[in-house]
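See below for the structure under consideration.
Please treat every number below as a calculation from the coordinates, not as lab data. It should be emphasised that the depicted structure is a prediction, and the values quoted were computed from it without experimental measurement. A quick note on method: Cβ atoms are made from the backbone with ideal geometry, for glycine too, and the neighbour counts reach across all protein chains shown.
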Amino acid sequence: MGKVKDLTGEVYGKLTVLRLVKRSKSIGRATSVWLCECECEATREVTRDSLVRGYTYQCVECTTARLHGDSRTTLYTRWSTIKNRILNPKDISYNRYGGLGMTMAKEWIDSYKLFKEYMLSLPNAGNMDILSIDRVHNGFGYHPMNLRWATDTQQARNKGNKGVIYE
């Protein structure tokens, strides 16, 4: 097998290549498999051809949301934004959230579907296009029993200047 072009750091759609996982030969030709990180922080192994040709450009979770028609919804956008603030040091808001130790329920990080089910079960979920997701106790993260749908006024009254108790 010949030398493999290093794809580390290259971006294909929502995926950033992290590292080479393996090289193999299939059907008479060499192929390489790369570990990639999606914008939503999920990782996925992808072949070089799938990346370069644009067949694979996001993680399974994002693909699933797109397949179910949620990727352009208000709720999916909010879930994705929260995850980025908590997990992505490159996010502009990370220093005020994840950088301070704020967390999100693991089951929600791993599954938009579970987050969606919970948020839709809360009062006022039918008004989510005009309300925002608010943490009841600002010192705690994005976890069950600590979220609600709130107006801008409620959000403003619940500012985080009171001290931080992130778990």
Report the charge-dipole magnitude of segment 68-157 in Debye, nearest 20, computed about the Cα centre from +1 at each Lys and Arg Cβ and -1 at each Asp and Glu Cβ. 200
In the structure shown, do any of 14/113; 83/113; 83/116; 22/106; 14/83 have a Cα-Cα gap over 18 Å, and if so which? 14/113; 22/106
If the viscosity is 1.567 mPa s and the temperature 4 °C, what Stokes-Einstein diffusion coefficient in µm²/s follows for the chain when Rh is the Kirkwood radius over Cα pairs? 73
How about residue 159: which aspartates and glutamates have a C-alpha closer than 13 Å to its C-alpha, ignoring those fewer than 8 places off in the same chain? 134
Cα extents of segment 11-61 per principal axis, largest first, Å, are 35, 19, 17
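Sorted by packing (mean other beta-carbon atoms within 10 Å per residue), highest first, where do 76-88, 125-137 land? Present the calculation step by step, with values, prior to reporting the outcome.
Numbers: 76-88: 18.8, 125-137: 13.8.
So the order, starting with the most tightly packed, is 76-88, 125-137.
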